[in-house]
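Some notes on the structure that comes next.
The values are calculated or read from the model by the stated rules, or taken from the named source; none is laboratory data. Computed from a prediction, not measured in an experiment: that's the story for all the values here. Neighbour counts are summed over all protein chains in view; Cβ atoms, including those assigned to glycine, are modelled from backbone coordinates with ideal geometry.
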Amino acid sequence: MYSAKVMEHFQNPRNVGEIEDADGVGKVGNPVCGDIMALYIKVKDGRIIDAKFKTFGCGAAIATSSMVTELVKGRTLEEAKRISRDTVAEALDGLPPIKMHCSNLAADALHKAIEDYKKRARLKDQK
Amino acid sequence: MKKIYLDHNATTPMRPEVLDAMLPYFKEKFGNASSIHGFGRDAKVALEEAREKVAEILGASSSEIFFTSGGTESDNLATKGTAFANRKKGRHIVTSKIEHHAILESCKFLEKEGFEVTYLPVNFRGLIDPEDLSNAIRDDTTLVSIMYANNEVGIIQPIEQLSKIAKKMKIYFHTDAVQAAGKIPIDVQKLNVDMLSVSGHKIYGPKGVGAIYIRKGVRIAPLSHGGHHERSRRAGTENVPAIVGLAKALELVVGEMENQNKHLRNLTEAFYKKLMESIPDVVLHGDLDRRIPNTLNLSFKGVEGESIILSLDMKGVAVASGSACTSGTLEPSHVLSAMGVDPAIAQGAIRFSFGRDTAMQDVEYVAGILPEIVQRLRSMSPLYAKKE
């Protein structure tokens, strides 16, 4: 049911972990749905220089998390914002239909992490 | 890679003896059991012998056994068949929250048709309180349907106690015994039930065949109309080879039940003990005592079920989950939810169901590889904090 790429990322997920001094954190999902993800980003000069994740979820949830961290590294925030659920699914050679909605949370987590970064930056400016 | 199958509650491999018993009815004895000629008579003899065998094993008379396409059809017939045939008497049905979907979806359909259904709760051990049943029964109740053994957690319900309540009120009692057959004794007289469903492929028989016991005198409407097969309760040419296979499988599985149960209990206990020693934060769902001996339903805190299934599958081990992802729905298992299990824990539930072909070394192998799998998944989980 999963593409070879999904299975590969499930078996060898990239960038697992937390960034202790992260510049932005995005947390999405809930246990009833079965998938919870936390994405951490490090930003320098408007560019995402590091990304890590922790995910509780099925194979698709783990693979999309891993893929999104790969996709965002080195991108500007503007570029990263354009990464959508579809971008992630396509990069993994597709996801089973049932997983497109519930387990394709990684892009949402990324957008939340970017928002979180911007909020923090605004607070810093105000100080 | 060695393959280890620990999903016997989903289906079982067919026994060679069963296949041997079936083969003649695909080949030289292919007749239609309704035909008058010799070919038909051969098929008819096999059909009625199978019926007698099943009846004898279940404690019924052969005119009370009807063959179907499986557990699902038997459950559909029991619920919809009695609901429609007795709707002048009443339109209320009582069942439980932990039934198989064959019952739950039939009841939902009946609700759309104007029937009312009460879904009894279960406690944290997965058991129905007989008092809840007493309180749920109304003047217009026509049927109570409670499963004998649960497919997900293996919990056995106190059917005798429950059926007594229904029978006292002169209400039909049905039990889905699909997972119970071959694992616990079934005697329809002792259980005091009016209807009972069984399936072929859960007992090392063929898929696509089941049976239902319907006590003499129960008013029931057929679901399919056509010829006068199965005493007009189920139209359609009988699947003679599969029916012969079902009877043979039931005979074999009941014959070896005591020995098998010892074997299965040993496996389950050894497996559980090993896991408890090697993996922290394992949660057992249901009761260790009141369960069919082959089933163990466990959660590994902080880990989602499907990721364990995939990890085991890559090592040739087949298990199942009551989890959302594999069943194609988003919610956690309805059985575990009814038992009050926290959603995050329920999403991690794994069902290990052993069988007659499972060896102790299989169980040891799986218990040996699980700690590493769980540890790896926990290391990437935001829900599991390292305890060192």
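Residues in segment B:253-281 that are crowded, with 16+ Cβ neighbours inside 10 Å and either more than 15 Å from B:Ala180 (Cα to Cα) or small (Gly, Ala, Ser) (or both): how many?
Qualifying residue count, segment B:253-281: 8.
Given the residues A:Val25, A:Val68, which is the only one that is under 15 Å from the mean Cα position of the chain (by Cα) and closer than 17 Å to A:Arg120 by Cα? Break it down into steps so the answer makes sense when it comes.
Details: A:Val68 fails: closer than 17 Å to A:Arg120 by Cα.
From the options A:Val25, A:Val68, the qualifying one is A:Val25.
I need the full set of residues from segment A:24-45 which are crowded, with 20+ Cβ neighbours inside 10 Å and not hydrophobic (A, V, I, L, M, F, W, C), in order please.
A:Gly24, A:Gly26, A:Gly29, A:Gly34, A:Asp35, A:Tyr40
Does B:Ser34 fit the bill of being in contact (Cβ under 8 Å) with a residue 24 or more places away in the chain, assigned by TED's automatic domain parsing to the domain that holds B:Lys248 and closer than 30 Å to B:Ile309 by Cβ?
Here the answer is no, as B:Ser34 does not meet what is asked.
Pick from B:Ala166, B:Ala149, B:Ala177, B:Ala136: which is out of contact with any Cys (no Cβ under 9 Å at 6 or more places or on another chain) and surrounded by fewer than 24 Cβ atoms within 10 Å (Cβ to Cβ)? Steps first, answer last, please.
Values: B:Ala166 fails: surrounded by fewer than 24 Cβ atoms within 10 Å (Cβ to Cβ); B:Ala149 fails: surrounded by fewer than 24 Cβ atoms within 10 Å (Cβ to Cβ); B:Ala177 fails: surrounded by fewer than 24 Cβ atoms within 10 Å (Cβ to Cβ).
Testing whether each residue is out of contact with any Cys (no Cβ under 9 Å at 6 or more places or on another chain) and surrounded by fewer than 24 Cβ atoms within 10 Å (Cβ to Cβ) leaves just B:Ala136.
Among the residues of segment B:219-241, count how many are in a helix (DSSP H, G or I) and farther than 18 Å from B:Ser62 by Cβ.
Residues flagged as in a helix (DSSP H, G or I) and farther than 18 Å from B:Ser62 by Cβ within segment B:219-241 amount to 1.
What tally of residues in segment B:80-108 results from selecting those that are free of Cβ contacts under 8 Å to residues at least 12 places away in the same chain and among the hydroxyl-bearing types (Ser, Thr, Tyr)?
0
Restricting attention to segment A:103-117, which residues are under 16 Å from A:Gly34 (Cα atoms) and either more than 14 Å from chain B (Cβ to nearest Cβ) or in a helix (DSSP H, G or I) (or both)?
A:Ala106, A:Asp108, A:Ala109
Using the structure shown, decide if A:Met67 is out of contact with any strand residue (DSSP E or B) (no Cβ under 6 Å at 6 or more places or on another chain) and at the interface with chain B (Cβ under 10 Å from one of its Cβ atoms).
So A:Met67 does not fit the description; no.
Out of B:Gly236, B:Gly226, B:Gly217, B:Gly205, I need the residue that is in contact with a Lys or Arg (Cβ under 8 Å, 6 or more places away or on another chain), of a type outside the set (Lys, Arg), more than 30 Å from A:Asn30 (Cβ to Cβ) and more than 14 Å from chain A (Cβ to nearest Cβ). Which one?
From the options B:Gly236, B:Gly226, B:Gly217, B:Gly205, the qualifying one is B:Gly205.
When the residues of segment B:307-324 are narrowed to those that are within 26 Å of A:Met37 (Cα to Cα) and among the aliphatic types (A, V, I, L, M), which ends up surrounded by the most Cβ atoms within 10 Å (Cβ to Cβ)?
It comes out as B:Ala324.
Could you check, for segment A:53-61, whether at least one of its residues is in contact with a strand residue (DSSP E or B) (Cβ under 8 Å, 6 or more places away or on another chain), more than 14 Å from chain B (Cβ to nearest Cβ) and either crowded, with 16+ Cβ neighbours inside 10 Å or at positive phi (or both)?
No, the conditions are met nowhere in segment A:53-61.
Restricting to segment B:115-156, name every residue that is part of a loop (DSSP other than H, G, I, E, B) and under 23 Å from B:Asn86 (Cα atoms).
As a first pass, look at segment B:115-156 and keep what is part of a loop (DSSP other than H, G, I, E, B): B:115, B:121-129, B:137-140, B:146-148, B:150-154.
Scanning segment B:115-156 gives B:Phe115, B:Ile137, B:Arg138, B:Asp139, B:Asp140, B:Ile146, B:Met147.
Across segment B:287-306, which residue is surrounded by the most Cβ atoms within 10 Å (Cβ to Cβ) among those that are closer than 17 Å to B:Pro343 by Cβ and more than 14 Å from every other protein chain (Cβ to nearest Cβ)?
Filtering segment B:287-306 down to residues closer than 17 Å to B:Pro343 by Cβ leaves B:297-306.
Filter once more, so that each one left must be more than 14 Å from every other protein chain (Cβ to nearest Cβ): B:297-298.
On the way: B:Asn297: 29, B:Leu298: 23.
Once the filter is applied, the top-ranked residue is B:Asn297.
Please find, among A:Arg120, A:Arg82, the residue that is without any contact (Cβ under 8 Å) to a residue 12 or more places away in the chain and of a type outside the set (Val, Ile, Thr). So that I can check it myself, show each step before the final result.
Details: A:Arg120 fails: without any contact (Cβ under 8 Å) to a residue 12 or more places away in the chain.
Only one candidate qualifies: A:Arg82.
Out of the residues in segment B:342-371 that are in a loop (DSSP other than H, G, I, E, B) and surrounded by fewer than 18 Cβ atoms within 10 Å (Cβ to Cβ), state the one that is nearest to the other protein chains (Cβ to nearest Cβ).
Per the stated criteria, the residue is B:Asp342.
Could you check, for segment B:343-354, whether at least one of its residues is aromatic (Phe, Trp, Tyr), more than 20 Å from B:Asn151 (Cβ to Cβ) and in the same structural domain as B:Glu331 (by TED's automatic domain parsing)?
no
Could you check A:Asp93 against (1) more than 10 Å from chain B (Cβ to nearest Cβ); (2) in contact (Cβ under 8 Å) with a residue 40 or more places away in the chain; (3) within 10 Å of the chain's Cα centre (by Cα); (4) over 20 Å from B:Ala344 (Cα atoms) and say which number it fails?
If we test A:Asp93 against (1) more than 10 Å from chain B (Cβ to nearest Cβ); (2) in contact (Cβ under 8 Å) with a residue 40 or more places away in the chain; (3) within 10 Å of the chain's Cα centre (by Cα); (4) over 20 Å from B:Ala344 (Cα atoms), just (3) comes out false.
Among the residues of segment B:194-206, which ones are of a type in the set (A, V, I, L, M, F, W, C) and not in a helix (DSSP H, G or I)?
Keep residues of segment B:194-206 that are of a type in the set (A, V, I, L, M, F, W, C), which gives B:195-196, B:198, B:203.
Hits for segment B:194-206 are B:Met195, B:Leu196, B:Val198.
Show me the helices (runs of 4 or more DSSP H) entirely contained within segment B:22-114 in which 2 or more residues are surrounded by 18 or more Cβ atoms within 10 Å (Cβ to Cβ) and aliphatic (A, V, I, L, M). Walk me through how you get there before you give the answer.
Values: elements: B:38-58, B:71-76, B:82-85, B:101-112.
By residue number, B:38-58, B:101-112.
How many residues are in a helix (DSSP H, G or I), in contact with a Leu (Cβ under 9 Å, 6 or more places away or on another chain) and of a type in the set (A, V, I, L, M, F, W, C) if we restrict to segment B:157-193?
Residues flagged as in a helix (DSSP H, G or I), in contact with a Leu (Cβ under 9 Å, 6 or more places away or on another chain) and of a type in the set (A, V, I, L, M, F, W, C) within segment B:157-193 amount to 5.
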